[in-house]
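All of the numbers you see were taken from the coordinates with simple rules; none came from a lab. What you see is a predicted model, and the numbers here were worked out from it, not measured in a lab. Every residue, glycine among them, receives a Cβ derived from its backbone with ideal geometry; neighbour counts consider all protein chains shown.
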Protein chains: 2
Amino acid sequence: MKVVMTGAAGFLGQKLIARILADPQLPSPQGPRAVTQLCLFDVVEPPIPAVSSAKSPAISTQVGDITRADDLTQLLGEQADVIVHLAAVVSSAAEADLDLGLRVNLDGTRTLLEVCRGLAQPPMVVFASSVAVYGGALPAVVTDNTALTPQSSYGAQKVMGEQLINDFSRRGLIDGRVLRLPTIAVRPGRPNAAASSFASSIIREPLQGETAVLPVPETLALNLLSPRAVIANMVHALGIPAADFGASRSVMLPGCCVAVSDMLAALERAGGPAARERVHAQPDAGIEAIVGGWPARFDTAKANALGFSADRDIDAIIAAFIEEDRIDAC
Amino acid sequence: MKVVMTGAAGFLGQKLIARILADPQLPSPQGPRAVTQLCLFDVVEPPIPAVSSAKSPAISTQVGDITRADDLTQLLGEQADVIVHLAAVVSSAAEADLDLGLRVNLDGTRTLLEVCRGLAQPPMVVFASSVAVYGGALPAVVTDNTALTPQSSYGAQKVMGEQLINDFSRRGLIDGRVLRLPTIAVRPGRPNAAASSFASSIIREPLQGETAVLPVPETLALNLLSPRAVIANMVHALGIPAADFGASRSVMLPGCCVAVSDMLAALERAGGPAARERVHAQPDAGIEAIVGGWPARFDTAKANALGFSADRDIDAIIAAFIEEDRIDAC
């Protein structure tokens, strides 16, 4: 089958490509299917991870603009079986530039769905949404029935994308699956401008021999999911019969609710006291205000019933980082 | 102050214009203000209701396309104090034509908000949303915290419009107020293709000497609000301080939860047994399936706290129709 991926140069895209190359079988509601074609799309040339496999699919890459119908028509061709739509302007950028966020996060998603209407068969579309759809006055435990009142442009744009995916699915134009991602940790790479950057930094940097800054109190709780578990859940989503989603294709993925103090204790278990000592408290009221407004406790009954799963615990999250992404200190 | 109205030719627009002409004072968070300019916009020439007033505002009309930024730039000029955005493709039309619904309900709202960014001051924007934003597996009583999982393209487009209004408000680009309207009854005019058309027909036609068809069981409950109460609530919305809305500008308006049997009893009280006998049961499983999926019971705590109000009861709803809209049988 033909799998198309937008945002393929991003870190989740790269991990999903590596997963497909390592094992070019993916679930479908009708049973496992072999990926024969993998079409990668991004604004920059998507790297192809060096993973060898006995039966590699044919890989093509395309550099283009997600808001240009012509680019997407070329990408999808006459038929696409599965589209994994990861292309997005991230939260800090969408907040800094409303037009850019609307253009990529709303118009990009809509253009992709419009182009899908021209295909021979309705494709399956997996859409990465975010915990940022939640906000405002939230209950102590967020459930599948909690209203979405996002407090960021990124969150608002993700809600709109979810509505498009749901409505196009209800009309039979696509077969959509919307996964709301928790805070992803431990991200590979370097610290970035995201308010949640510290959640990865306080594990990643100390385990690579570097120092990290903790801008929030140790009592603060976060809802975390490892990149490895995100990929496993995206793959799992492909095999679920559409009817099992009920009246909405949107699912909040399960995560681990972990206090920062628990993260630091797990860091010490993985890297010893030296690693723990590389984390330095440096309170930042701005970051605390943003991250403290995110919900940390979820009842993800729907995701659980559909077979999605979280990491076992924070130690498993750290172990996944060490196995997949740690760069050894020289 | 300058008041701009889109969808001004529609029946709610016409009633709001009549209200403003009868009393050209409107509330604002800073106290009552006189309407000096009233700018009416629609795809057809908006009629001007024949209401005389001591101090009529200057009225202008414009025929245009809500999705054309040029038309809206001309409409708003350099400044608009209040924009009442009623222009929309209704539910049955949006379901029949996805492109038309997206163009008017989503693109039209977005274009209006984009043009607002060019004004000298952020305007207040009142947006008419709908009970159609609710759907799917709903709790017995819908609350302000119930998730929106619309089961129509119209509902999905209204959710997206709400997100735009909320995000633009949060960013300080407008001062938005979103009113989710219950089923409006008794609508003036003739029956239409809407699934809820009977809710007005079974009162309006018999009180005008005509017969009406009842396609649903008498046990079915509806959440009703009179056009008079909708207008009163729209006017009320203008005076509420922005901060009182909290983390979301969206409010489900209160309505009367009324069983069809109660509507028929009230019809008989208002029009006698002869009126009641003009309603003929003619079950329609299709209409029952659609209308039966709408929530009828709401806890509108937020609207109540903000001072919005419903009609007293079904008799008051019928009395409002008789006073404002009944066309006497010849």
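When only alpha carbons are used to place a centre, the stretch A:161-202 and the stretch A:240-266 end up 11 Å from one another.
For the protein assembly as shown, the residue among A:Cys39, B:Cys257, A:Ala320 whose Cα projects farthest onto the positive side of the dipole built from Cβ charges is B:Cys257.
Got a sec? How would A:Thr149, A:Thr111, B:Thr6 order by Cβ neighbour count within 10 Å, fewest to most? Can you show the working numbers first?
Numbers: A:Thr149 25, A:Thr111 20, B:Thr6 29.
In order of increasing Cβ crowding within 10 Å: A:Thr111, A:Thr149, B:Thr6.
For chain A, what is the relative contact order in percent, using Cα pairs closer than 8 Å and at least 6 residues apart in sequence? Relative contact order here is 17 percent.
Measuring nothing but how far apart in sequence close Cα pairs (under 8 Å, 6+ apart) lie, relative to its length, the stretch A:75-199 scores a relative contact order of 30 percent. Under the convention that each Lys and Arg Cβ holds +1 and each Asp and Glu Cβ holds -1, the size of the dipole of the stretch A:22-135 around its Cα centre is about 420 debye. Against chain B, whose longest principal axis is taken from its Cα atoms, helix B:260-277 shows a tilt of about 70°. Taking each DSSP H run with n ≥ 4 as -39500 (n - 2.57) and averaging over every residue of chain A yields -10500 deg cm²/dmol at 222 nm.
Is the shape of the stretch A:149-285 rounded, prolate or oblate, going by the alpha carbon gyration tensor and its root eigenvalues a ≥ b ≥ c, with a/c under 1.5 for rounded and a/b larger than b/c for prolate? Prolate. So for the stretch A:17-99, averaging the separation of alpha carbon pairs under 8 Å that are six or more residues apart and normalising by length, what relative contact order in percent results? Rounded, it is 25 percent for the stretch A:17-99.
Label zone of A:Asp244 (point 7 Å out along Cα→Cβ, amide N under 14 Å): in the stretch A:1-40 this covers A:27-32. Under 16 Å from a label point set 7 Å out along the Cα-to-Cβ vector of A:Ala305, the amide N atoms of the stretch B:135-150 belong to B:136-140, B:147, B:149. Can you find, among A:Pro49, A:Ala310, A:Val235, the residue sitting farthest towards the positive end of the charge dipole of chain A, where Lys and Arg contribute +1 and Asp and Glu -1 at Cβ? After comparing all options, I get A:Val235.
Starting from the stretch A:53-146, pick out the trypsin sites (Lys or Arg not before Pro) whose DSSP state is loop and whose Cβ has at most 16 other Cβ atoms within 10 Å. Walk me through the numbers before you get to the answer.
Numbers: sites: A:Lys55, A:Arg68, A:Arg103, A:Arg110, A:Arg117; in loops: A:Lys55, A:Arg68, A:Arg117.
Answer by residue number: A:Lys55, A:Arg68, A:Arg117.
Output the 0 to 90 degree angle, nearest 10, between the alpha-carbon long axis of helix A:227-237 and the longest principal axis computed from the alpha carbons of chain A. Computed tilt is about 30 degrees. Please identify the trypsin sites (Lys or Arg not before Pro) of the stretch A:174-250 that satisfy two criteria: DSSP loop assignment and at most 16 other Cβ atoms within 10 Å. Which are they? Those that pass, being in a loop and sparsely packed, number zero. Helix A:197-207 and the longest principal axis of the Cα set of chain A meet at an angle near 70°.
Based on the Cβ-Cβ distance of B:Asp313 and B:Ala285, what FRET efficiency does E = 1/(1 + (r/R0)^6) give at R0 = 45 Å, to the nearest 0.05? Could the numbers behind the result be given before it?
Working: r = 30 Å, r/R0 = 0.66.
That gives a FRET efficiency of 0.90.
Of the beta bridges in chain A, as assigned by DSSP with both residues counted there, near 15 percent are antiparallel. Comparing mean-square fluctuations of A:Ser53, A:Ser130, A:Ser226 from a GNM of chain A with C-alpha springs under 10 Å, the top value falls on A:Ser53.
Of the GluC sites (Glu not before Pro) found in the stretch A:216-300, those that fall in a DSSP loop while having at most 16 other beta-carbon atoms within 10 Å are A:Glu218, A:Glu277. Kirkwood analysis of the stretch B:128-176, using all unique Cα-Cα pairs, places the hydrodynamic radius at 11.6 Å.
With its label point put 7 Å out from Cα toward Cβ, B:Phe11 sits 5.6 nm from the same residue's point in the other copies, in order from shortest. Sorted from shortest to longest, the distances between the B:Pro32 label points of this copy and the other copies are 7.6 nm, with each point 7 Å from Cα along the line through the beta carbon. A simple charge model with +1 on the Cβ of Lys and Arg, -1 on the Cβ of Asp and Glu and nothing else charged puts the dipole of the stretch A:173-330 at about 400 debye relative to its Cα centre.
With both labels modelled 7 Å from their Cα along Cα-to-Cβ, the A:Ala22 to B:Asn192 distance reads 5.7 nm.
Please give me the summed charge of the neighbours of A:Val141: other residues whose Cβ is under 12 Å from its Cβ, Lys and Arg +1, Asp and Glu -1. Value of the local net charge: -1. Would you mind checking B:Lys2/B:Lys302; B:Lys2/B:Lys158; A:Lys158/B:Lys158 for any pair whose Cα atoms are more than 18 angstrom apart? Beyond 18 Å: B:Lys2/B:Lys302; B:Lys2/B:Lys158. The stretch between A:Ser52 and A:Ile327 holds 96.9 nm of extra length on full extension. This uses 0.36 nm per residue minus the Cα-Cα distance. Would the protein assembly as shown count as rounded, prolate or oblate if I go by the C-alpha gyration tensor, calling it rounded below 1.5 in a/c and otherwise prolate when a/b exceeds b/c, oblate otherwise? Taking the square roots of the gyration eigenvalues as a ≥ b ≥ c, the protein assembly as shown is prolate. Once you sort the root eigenvalues of the Cα gyration tensor of the stretch B:1-149 as a ≥ b ≥ c, which label holds: rounded (a/c under 1.5), prolate (a/b larger than b/c) or oblate (the other case)? In terms of gyration-tensor shape, prolate.
The other copies place their A:Ala305 label points at 3.0 nm from this one, listed shortest first, where each point is 7 Å from Cα along Cα→Cβ.
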